[in-house]
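What follows is one structure encoded as C-alpha cells, with my remarks underneath.
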Amino acid sequence: MNWMPYPGQKPEESGNYVVSIRKPFEHGEYVFNYVSHYDRETDCWFKKDLFDDKQPKGEEITQIVVGWIAELPNYLG
C-alpha cells in the first residue's frame, strides 16, 4: 500500500482510487481520504458514490488532491 504524490505521479488509467484531499478552512486546513474517480483524458478527479452503479462519476473535485493509492485492502471479517 503505497501513496503516490499528485500531481507528481498520475494514475496510468481512468478509474476509482482512494485519494488524500487537502481542504482549507478558516483556521487552517483539513486533510481527509475519499474514494474518487480519475479521468485520465482530462486529468481531473471526480466525486464518486460507490452505491450508484449507473453514474461512473459525479461533480469535479475542486479541493487539492495531494496523493492517491491504487490498492487498499478490504476487511472481510
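Net charge within 14 Å of P56 by Cβ-Cβ distance, Lys/Arg positive one each and Asp/Glu negative one each, not counting P56 itself?
Here the charged neighbours net out to -3.
Per residue, how much accessible area does the chain show when a 1.4 Å probe rolls over the protein heavy atoms, in square angstrom?
Details: 5980 Å² over 77 residues.
With the other protein chains kept in place, the chain gives 78 Å² per residue.
May I ask you to list the trypsin sites (Lys or Arg not before Pro) in the stretch 48-77 that are in a DSSP loop and have at most 14 other Cβ atoms within 10 Å of their Cβ?
The qualifying sites are K54.
With θ taken as phi - 60° and the coefficients 6.51, -1.76 and 1.60, list the Karplus ³J(HN,Hα) couplings across the stretch 42-55 in order, rounded to whole Hz; mark glycine and proline as x.
These are the phi-based 3J(HN,Hα) values: 9, 6, 10, 9, 10, 5, 10, 10, 5, 8, 9, 6, 7, 10 Hz.
Taking the Cα atoms of the chain, report the difference between the largest and smallest coordinate on each principal axis, in whole Å and largest first.
Reported extents, whole Å, longest axis first: 36, 34, 25.
The values are calculated or read from the model by the stated rules, or taken from the named source; none is laboratory data. Just so you know, these numbers come straight off a predicted model, no measurement behind them. All Cβ positions, even for glycine, are placed from backbone atoms using ideal geometry, and neighbour counts span all protein chains on display. Please note that ligands, DNA and RNA were not included when accessible areas were found on the heavy atoms of the full protein model with its side chains. Shrake-Rupley method; radii C 1.70, N 1.55, O 1.52, S 1.80 Å.
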